[in-house]
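Below is one structure, written out as structure tokens, with a few remarks after it.
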Amino acid sequence: MKLQQKTKKSLISLCFLIITTFLFSDTISFKANSMAGSIGENNTSTILKGNAWIENEDLELFANEISLRGDNYDFITATGNISGRYKTSNFAFSCNSLEYDKNTGIVILKENVKIDDTENELSATASVVEYDKNLEVATMQINVVINHKNSVCTGTLGIYRKKEQILDLSGNPKIVRDSDTFTAQDISLNMKTEEISLDGKVRGSVVDKKEEKSSENQDAPEENNE
């Protein structure tokens, strides 16, 4: 009985600490199937398990498990079926592992990462993505595939500058746009103007759209008016 009362008091104190911590800096809401944690001078942590969800003024996050650490709960880690979004920048993501540092505004996404910038018609997949919320820059690594309008961009490293609408690709980069293909050591795509810049060992193939259309018309079967 005493142990149960002590546990309840600890949970109440823990919830109160979370609420008051963010009351003076950033309001946070949370829910989960279960919660556990510890309060200490150098080790304050909270773990939310089962359908875990947290939300503050800018970030909303879902996962199987979410852990909050630090004096002001500035460090967040999550695992399993993660999905989230930055509400102010229309930037959404999903993955299996996440690390977030509220002080730097940097989130690291790992394992089956997908990001969506719905505002600018961009979606991408990669093994690892580091997103700097303050600069609005996403650095994508390994097996990078980026879709933007009618362009499919691939490479080992992709740096997407959301504010400037610039995508830089390296590591065997390639852009396929309709029937056209471009490869080089480094490729830069201006998403506002659709201009492509190529540097180093430039190669490509461009299909004449007029000839392609003419060929399609010639190959089309004649209508039978009988």
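The values are calculated or read from the model by the stated rules, or taken from the named source; none is laboratory data. Keep in mind it's a predicted model, so treat the numbers as computed, not measured. Cβ atoms come from the backbone with ideal geometry, glycine included; neighbour counts cover every protein chain shown. Protein only, heavy atoms only, side chains kept; ligands, DNA and RNA dropped before computing areas. Shrake-Rupley method; radii C 1.70, N 1.55, O 1.52, S 1.80 Å.
Couple of notes before you dig in:
- Members of region 54-99 found to be hydrophobic (A, V, I, L, M, F, W, C), touching a residue at least 24 places away in the same chain (Cβ under 8 Å) and closer than 20 Å to T27 by Cα, listed by number: I54, L59, L61, A63, I66, L68, F75, I76, A78
- Where Y160 falls short, out of the listed (1) of a type outside the set (A, V, I, L, M, F, W, C); (2) touching a helix residue (DSSP H, G or I) at 6+ places or on another chain (Cβ under 7 Å); (3) at pLDDT 95 or above: (2)
- The condition of being at pLDDT below 95 and within 11 Å of the chain's Cα centre (by Cα) holds for only one of N120, N90, that being N90.
- All positions within region 177-220 that are assigned to a strand (DSSP E or B), at pLDDT 90 or above and open to solvent by 50 Å² or more (accessible area, probe 1.4 Å): D186, E195, S197, L198, D199
- For G70, the conditions (1) touching a helix residue (DSSP H, G or I) at 6+ places or on another chain (Cβ under 8 Å); (2) within 18 Å of T104 (Cβ to Cβ); (3) surrounded by fewer than 16 Cβ atoms within 10 Å (Cβ to Cβ) are fulfilled apart from (1).
- Cβ-Cβ under 6 Å pairs, at least 6 apart or on other chains, region 177-190 side among the β-branched types (V, I, T), far side open to solvent by 40 Å² or more (accessible area, probe 1.4 Å) and part of a strand (DSSP E or B): T181/G204; T181/S205; T183/K174; T183/R203; I187/L198
- Options G37, G84, G70: the member that is at pLDDT 75 or above and touching an Asp or Glu at 6+ places or on another chain (Cβ under 7 Å): G84
- Of the set (1) out of contact with any Pro (no Cβ under 9 Å at 6 or more places or on another chain); (2) buried (at least 17 other Cβ atoms within 10 Å of the Cβ); (3) of a type outside the set (S, T, Y), all apply to E111 but (2).
- Selection count, region 127-160, where residues are within 14 Å of R177 (Cβ to Cβ), open to solvent by 10 Å² or more (accessible area, probe 1.4 Å) and not basic (K, R): 4
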